[in-house]
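Participant: I have a structure here, written as structure tokens, and I will follow up with some questions on it.
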Amino acid sequence: MTDLSPELDRFTRALEFLVGNPVGVVAFWSATDAEAPVHYDEIDVIVIQLLGTKKWFISDAEPMLANTWKSLGEAEPPLGQHSIYDVGPGDLLYVPRGTPHTVRSTGESLHLAIGFLPVTTREAITAAIDYLSDLDRTLRMNLGKQADSYTRNMDARTILDQIRSGVAKLHQHCQSDIFIRDMLAHRHSRMLHDLPPLPRPEMGTAPITVSSKVRHHPLAMARLNVTAENLDFRQPGDQIVIHRSVEQQMRFIKDTPEFRVADIPGDVGDDIRVALTSRLVSSGFLEIVQ
């Protein structure tokens with residue numbers, strides 16, 4: 001849906017920046033008197049009514065904050081005590097995840113559902129074990145002494161010891177504020193890389209010079225990670241690895257919404273300024289101000 005509306009695209013990107021996770025949009029068309037079964041969503045939903053009218057029946061109970069999967073044997077949730085909301089064109093409704101509700105169209109209607117899931121404690125802990133497994137080879141080893149040990153249950157003691165050892169290592173590393181900070185940065189970088197790529201410039205774009213003026217693309221977000229050898233620049237759908245010697249210049253580009261190429265600071269030649277700018281224009285992060 002975001003491909004159909006630049007305004008909606010910018011709005012969802014702003015939500016992604018705030019919540020730290022991807023945002024999706026779907027459209028629901030309903031005929032008059034169409035009615036949904038009582039259910040809840042596993043993500044938070046912002047409803048924007050575009051055409052027609054609908055009547056929402058939403059549980060008054062505290063949201064369950066449901067996980068992103070259905071539990072085994074889960075039945076239709078009870079609506080219980082609830083409130084009724086009549087919505088028309090231009091109305092906005094927020095439904096937290098895990099809130100039982102149902103909807104009935106009181107006329108032919110169309111609404112947008114903008115779905116998102118803020119970073120949860122569970123997701124942060126999962127990201128911590130993912131990050132630690134990059135640093136600790138033992139966490140990437142097979143569970144048990146054989147590849148099929150888990151299913152054949154041939155080596156239960158080894159499996160139990162491996163799991164307990166891994167949890168103990170995670171607990172130990174999480175005592176460090178630096179580990180948690182780096183882990184969250186790593187998670188956010190992966191999230192950016194998994195987003196759809198930014199639009200690339202059309203062929204035949206005028207060459208970049210030190211006099212060129214550029215700005216961030218309206219959908220641009222980025223994180224600059226410094227490793228022992230390189231700079232890892234992450235933007236939606238892309239990863240750019242650059243030598244550490246241009247860290248000052250890359251931070252300026254990432255943090256400055258609009259600038260001339262000649263404004264890029266530091267003791268580097270203009271050829272470096274032009275090369276860095278050209279690379280980020282070609283990736284879609286920057287666009288030329290005509």
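Rule-based calculations on the coordinates, nothing more; no lab input. Not measured: the values here are computed from a predicted model.
Participant: With contacts defined as alpha carbon pairs under 8 Å and 6 or more residues apart, what's the relative contact order of the chain in percent? Don't jump to the answer; show the numbers that get you there.
Facilitator: Details: 478 pairs, mean separation 49.0, N = 290.
That works out to 17 percent.
Participant: For LYS169, which lysines qualify as cross-link partners when the Cα separation must be under 23 Å and same-chain residues fewer than eight apart are set aside?
Facilitator: LYS145
Participant: Roughly how large, in nm² to one decimal, is the mean projection of the convex hull of the alpha-carbon atoms in the chain? Show your work: numbers first, answer last.
Facilitator: Details: hull surface 85.2 nm².
For the chain, averaging the hull's shadow over all directions gives 21.3 nm².
Participant: For LEU219, list long-range residues whose amide hydrogen, built 1.01 Å from N in the peptide plane, is under 5 Å from its own amide hydrogen.
Facilitator: The answer is none.
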